[in-house]
Amino acid sequence: MELHEYTQYDAVGLAGLVARGEVTVAELTGAAQAAMAAVNPLVNAVVESWPAEDEPVPGSTPLAGVPFLVKDLAVSVRGRRTELGSRLAAGNVAAADSFLMRRLRRAGLVTLGRTATPEFAYSTTTEPVLYGATRNPWDPTRTPGGSSGGSAAAVAAGITPLAHATDAAGSIRVPAASTGLFGLKPTRGRVSLGPDADEVLGGLAVHGGLSRTVRDSAALLDLIQGPETGDPYYAERPRRPYLEEITREPGRLRVGLVTAPWSGREVEPAVRAATLAAARLLESLGHRVEATTVDLGVSWEEFVLANARLWSANLVRWIDGLAAASGRPVDDSTVEPEMLASYAWGRGVSGPEFVDALDVRNRVARTIGARFAAGTGDLDVLLTPALPELPVPLGTYGRGAEDADGLGWLEHLFHRSPFTAAFNVAGTPAMSVPLASDAATGLPIGVQFAADYGREDVLFRLAAQLERAAPWAGRRPAVWAGAARSA
């Protein structure tokens, strides 16, 4: 299979070829490996590649036989390294599969390596010291976002059609918006984080994926959703498969339009214009769109402080555990400056302060939830920009952050991504949809939609309708495996 053939299909399309006997799993694996060899040196998305281990049964699932990549964080693959983007964890090998990895194997996905993440996923750019910066396929001088920046760059460049991602403050939606992909953050409790992880970051973190088409993300979530024994959160099972939902019309939705972030920072004109254009598109499709404001239930300063306490206290536990396991010191030879500052700040977070942060989470969840229909609110969906700006040049995040403490680093991150974290705190699903591009630079622009707790079905139906009305699959970045010759 030639690279230009391989890259013209999405994951469901490739699985269909395998099911019909038109290509073999080995041929798909070979094409993915050739794509990786062609473009990964340009984007540095995949930090380690592996030979195929599993031999899925063709046609056994909608994704059986499809090449796949996992993020270097939060998913354990037996016998493989999981290093969390950190020198402190370098060489760390997982003894067993996590629950998610078991489901990925049962889904028939062929995992071929791990993708880059910033250290401990604690950034919305992907520029770790351990493996170096990941580059945006649309413009390699710019960030692909983070923390799932490696997965985003790999999918956007055509290495695999689909890749694993996580999201605790925007880490699926930020890279999706930055690289022209579709990315949906599921509801809290939709996908198990176990067995070694409990409520990661106080329930802010979730598993998901990044894809070039809506149906690929729907198929993946169908195959990985559902609780495991001992999970602290449980999202009610969907009424029908998400792959079926995307064939259904969303109906006339009540959409609230928010263009100004809670932080009060300015939104770039191109991003604002793209968001307003999305609103007009929704109206043309029969939806009711009204400008609105959404209360967090707390001030922005309280919101940021609570997130900083949850993030940094968890970071202390991770770093101390890795240091004990590896025998390495916790200093600038093993941990990056921003993480050392956050670690030091986190050691000062008291038990009562941590509980106060959970109380903020509760207030935000109940306040945002009340705006949606199930909370007797006035909205089915919220529409916002995914990011307030276009993808920034690599190195931007480091400027001005040298002397930040743990609170200052999170303030810095939330300044860059002020629209996404609220829905992690609320636990509600949200997605970035690549509906626009900047006329001056050609860079992609994502718009964000959020829905009520457990209502991924609403988002998938809407996303599929938008994909039909304003298709994006034909757009190609500067770095694209389909333009390369197979070896």
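The values are calculated or read from the model by the stated rules, or taken from the named source; none is laboratory data. Predicted model, so just to flag it, every value in this text is computed and none were measured. Glycine also receives a Cβ, built like all others from the backbone with ideal geometry; neighbour counts cover every protein chain displayed.
Being under 15 Å from residue 63 (Cα atoms) and in contact (Cβ under 8 Å) with a residue 12 or more places away in the chain is the filter here, so list the residues in region 101-127 that pass it. If the condition is that a residue be under 15 Å from residue 63 (Cα atoms) and in contact (Cβ under 8 Å) with a residue 12 or more places away in the chain, then 101, 103, 104, 105, 106, 107, 108, 109, 110, 111, 112 are the ones that fit. Restricted to strands (runs of 3 or more DSSP E) entirely inside region 104-186, those with at least 3 residues that are farther than 27 Å from residue 425 by Cβ and not aromatic (Phe, Trp, Tyr) are 110-115.
Within region 75-87, can one find any residue that is crowded, with 24+ Cβ neighbours inside 10 Å, modelled with pLDDT of 95 or more and outside any loop (DSSP other than H, G, I, E, B)? Looking for residues that are crowded, with 24+ Cβ neighbours inside 10 Å, modelled with pLDDT of 95 or more and outside any loop (DSSP other than H, G, I, E, B), one finds none in region 75-87, hence no.
Looking at region 269-293 only, could you name the residues that are in contact (Cβ under 8 Å) with a residue 40 or more places away in the chain and in contact with a Gly (Cβ under 7 Å, 6 or more places away or on another chain)? Residue satisfying the conditions is 292 alone.
Here's the yes/no breakdown for (1) under 16 Å from residue 458 (Cβ atoms); (2) of a type in the set (Val, Ile, Thr):
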{"residue": "192", "(1), (2)": "no, no"}
{"residue": "210", "(1), (2)": "no, no"}
{"residue": "213", "(1), (2)": "no, yes"}
{"residue": "219", "(1), (2)": "no, no"}
{"residue": "226", "(1), (2)": "no, no"}
{"residue": "235", "(1), (2)": "yes, no"}
{"residue": "253", "(1), (2)": "yes, no"}
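Scanning region 462-471 for residues that are surrounded by fewer than 21 Cβ atoms within 10 Å (Cβ to Cβ) and touching a residue at least 24 places away in the same chain (Cβ under 8 Å) yields 467, 469, 470. Taking every residue in region 314-328 that is at pLDDT 95 or above and pairing it with any residue that is loosely packed, with under 15 Cβ neighbours inside 10 Å and of a type outside the set (Val, Ile, Thr), at least 6 positions away or on another chain, the pairs with Cβ-Cβ distances below 6 Å are 316/347. If you take the residues of region 372-425 that are touching a Gly at 6+ places or on another chain (Cβ under 7 Å) and of a type in the set (Ser, Thr, Tyr), which of them is farthest from residue 463 (Cα to Cα)? The extreme case among them is 417.
For residue 109, the conditions (1) surrounded by fewer than 22 Cβ atoms within 10 Å (Cβ to Cβ); (2) under 24 Å from residue 10 (Cβ atoms) all hold with the exception of (1).
Restricting attention to region 458-487, the residues being among the aromatic types (Phe, Trp, Tyr) and over 13 Å from residue 245 (Cβ atoms) number 2. When residue 425 is tested against the conditions (1) in contact with a helix residue (DSSP H, G or I) (Cβ under 7 Å, 6 or more places away or on another chain); (2) at pLDDT below 95, the lone failure is (2).
Let's see how each residue does on (1) within 18 Å of residue 212 (Cβ to Cβ); (2) of a type outside the set (Gly, Ala, Ser):
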{"site": "99", "(1), (2)": "no, yes"}
{"site": "102", "(1), (2)": "no, yes"}
{"site": "115", "(1), (2)": "yes, yes"}
{"site": "118", "(1), (2)": "no, yes"}
{"site": "142", "(1), (2)": "no, yes"}
{"site": "149", "(1), (2)": "yes, no"}
{"site": "156", "(1), (2)": "yes, no"}
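A residue that is among the basic types (Lys, Arg) and under 25 Å from residue 227 (Cβ atoms) can be found somewhere in region 106-125. Here is the figure for region 247-276: residues that are aliphatic (A, V, I, L, M), more than 23 Å from the chain's Cα centre (by Cα) and part of a loop (DSSP other than H, G, I, E, B) total 1.
Residues that are touching a Leu at 6+ places or on another chain (Cβ under 8 Å) and either free of Cβ contacts under 8 Å to residues at least 12 places away in the same chain or closer than 26 Å to residue 10 by Cα (or both) within region 220-257 comprise 220, 221, 222, 223, 224, 242, 250, listed in sequence order. Those residues that are of a type in the set (Ser, Thr, Tyr) and surrounded by fewer than 24 Cβ atoms within 10 Å (Cβ to Cβ), I need them from region 429-461; list them, please. Passing the criteria: 437, 441, 453. What's the number of the condition residue 244 fails, among (1) in a loop (DSSP other than H, G, I, E, B); (2) at pLDDT 95 or above; (3) charged (D, E, K, R)? Among (1) in a loop (DSSP other than H, G, I, E, B); (2) at pLDDT 95 or above; (3) charged (D, E, K, R), residue 244 violates only (1). When residue 42 is tested against (1) over 21 Å from the mean Cα position of the chain (by Cα); (2) among the aliphatic types (A, V, I, L, M); (3) more than 20 Å from residue 7 (Cα to Cα); (4) not in a loop (DSSP other than H, G, I, E, B), just one condition goes unmet, and that condition is (3).
Could you say whether any residue in region 396-415 is over 23 Å from residue 174 (Cβ atoms), touching a Lys or Arg at 6+ places or on another chain (Cβ under 8 Å), of a type outside the set (Val, Ile, Thr) and modelled with pLDDT of 95 or more? For region 396-415, residues over 23 Å from residue 174 (Cβ atoms), touching a Lys or Arg at 6+ places or on another chain (Cβ under 8 Å), of a type outside the set (Val, Ile, Thr) and modelled with pLDDT of 95 or more: absent.
Do we have residue 190 as surrounded by fewer than 24 Cβ atoms within 10 Å (Cβ to Cβ) and of a type in the set (Lys, Arg) here? No.
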